1. Go through (1) in a helix (DSSP H, G or I); (2) buried (at least 18 other Cβ atoms within 10 Å of the Cβ) for Leu150 and report which single condition fails.
2. Applying the selection to segment 12-67, what residues are within 30 Å of Leu98 (Cβ to Cβ), assigned to a loop (DSSP other than H, G, I, E, B) and not charged (D, E, K, R)?
3. Go through segment 12-33 and give me each residue that's surrounded by fewer than 18 Cβ atoms within 10 Å (Cβ to Cβ) and either at pLDDT 95 or above or within 19 Å of the chain's Cα centre (by Cα) (or both).
4. May I ask you to list pairs of residues, at least six apart or on different chains, whose Cβ atoms are under 9 Å apart, with the first in segment 127-138 being β-branched (Val, Ile, Thr) and the second being crowded, with 17+ Cβ neighbours inside 10 Å and not in a strand (DSSP E or B)?
5. Restricting to segment 186-230, name every residue that is at pLDDT 95 or above, among the acidic types (Asp, Glu) and farther than 17 Å from Leu34 by Cα.
6. Just for segment 80-93: of the residues that are of a type outside the set (A, V, I, L, M, F, W, C) and not in a loop (DSSP other than H, G, I, E, B), which one is surrounded by the most Cβ atoms within 10 Å (Cβ to Cβ)?
7. Please state which one of Leu175, Leu122, Leu187, Leu118 is in contact with a strand residue (DSSP E or B) (Cβ under 6 Å, 6 or more places away or on another chain) and either under 29 Å from His71 (Cα atoms) or not in a loop (DSSP other than H, G, I, E, B) (or both).
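The values are calculated or read from the model by the stated rules, or taken from the named source; none is laboratory data. For clarity, every value in this text was computed on a predicted model and none was experimentally measured. Note that each Cβ is placed from the backbone with ideal geometry, even for glycine, and that neighbours are counted across all protein chains shown.
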Amino acid sequence: MASETYIAKFDEQLWRQCGPALSKIYQANFRSVLETTASKCQFAKKFVHRERPELNDLVAEISFAHAAKSHDLNLQNEDRNTIHCAIDRINSISGKQLSPENVSIATLRDSINLSHRLNQFLEQIAAMDINFHPRLRGYGFLNSCSPDILATHTLIEVKTSAYGFRLQDFRQLFLYQFLAFQNGYDLDRLILVNPRLGYAIFLPAVEFYERVTRKSYQRGLDDVARYLTA
């Protein structure tokens with residue numbers, strides 16, 4: 001079994017065969033797809049403060065857990081506090097050995113500011129029935145995974161780095177959309193949002209999938225399904 005992150009980074013055969021606009025050799029074509037299908041939103045000014053790069057994932061997880069708490073949602077056991085939940089998730093995913101002692105005041109300040117910005121964005125787009133880190137069953141050799149947020153007909157992936165969105169981020173959206181369909185979710189739009197940059201990209205789900213695969217929506221889904229079970 002492979003994670004969506006691994007496939008997004010390394011499985012060029014899948015992208016050439018099933019999502020040619022997302023393959024590295026057709027990146028110019030993908031820029032055209034974005035220009036004609038995506039809408040962009042600058043909802044806040046760039047947030048200048050930033051923790052050390054090696055703590056980026058810790059900042060992101062704490063901010064995400066804090067945002068979930070503010071919606072009365074808990075990512076793990078409700079008896080655990082936000083910092084412990086974030087550290088446990090990072091350690092389990094990355095194999096790191098972080099502890100609460102790694103969390104400085106600067107880390108907390110950065111995290112909470114990003115959390116407020118994410119919630120500001122969710123309020124601005126009127127997101128309803130918000131589900132943080134929903135679990136999606138895997139398919140074929142694609143492992144089960146947890147996209148950041150599912151709301152009513154909307155899938156949202158959150159990035160908190162100081163640079164813009166990468167090709168890999170759109171590949172992850174593509175895989176999450178495929179799994180969401182297989183898990184019975186009906187999506188109208190996909191969103192990439194970066195609270196640190198105060199910036200978001202909106203994509204119409206069906207049109208994005210068809211433009212990326214160069215096929216009808218159902219045929220594009222079927223081709224990915226066959227590839228993952230071959």
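1. (1)
2. Hits for segment 12-67 are Ala44, Phe47, Val48, His49.
3. Listed by number, the residues that qualify are Glu12, Gln13, Arg16, Gln17, Pro20.
4. Ile130/Ala68; Ile130/Leu122
5. Asp222, Asp223
6. Filtering segment 80-93 down to residues of a type outside the set (A, V, I, L, M, F, W, C) leaves 80-82, 84, 88-89, 91-92.
Still in the running and not in a loop (DSSP other than H, G, I, E, B): 82, 84, 88-89, 91-92.
On the way: Thr82: 23, His84: 16, Asp88: 16, Arg89: 19, Asn91: 13, Ser92: 9.
Of everything passing the filter in segment 80-93, Thr82 is surrounded by the most Cβ atoms within 10 Å (Cβ to Cβ).
7. Numbers: Leu175 fails: in contact with a strand residue (DSSP E or B) (Cβ under 6 Å, 6 or more places away or on another chain); Leu122 fails: in contact with a strand residue (DSSP E or B) (Cβ under 6 Å, 6 or more places away or on another chain); Leu118 fails: in contact with a strand residue (DSSP E or B) (Cβ under 6 Å, 6 or more places away or on another chain).
When all the criteria are applied, what remains is Leu187.
This table checks each residue for (1) among the aromatic types (Phe, Trp, Tyr); (2) buried (at least 16 other Cβ atoms within 10 Å of the Cβ); (3) farther than 26 Å from Arg31 by Cα.
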| site | (1), (2), (3) |
| --- | --- |
| Gly95 | no, no, yes |
| Ser99 | no, no, yes |
| Ser104 | no, no, yes |
| Met128 | no, no, yes |
| Phe132 | yes, yes, yes |
| Tyr139 | yes, yes, yes |
| Gln177 | no, yes, no |
| Ala180 | no, yes, no |
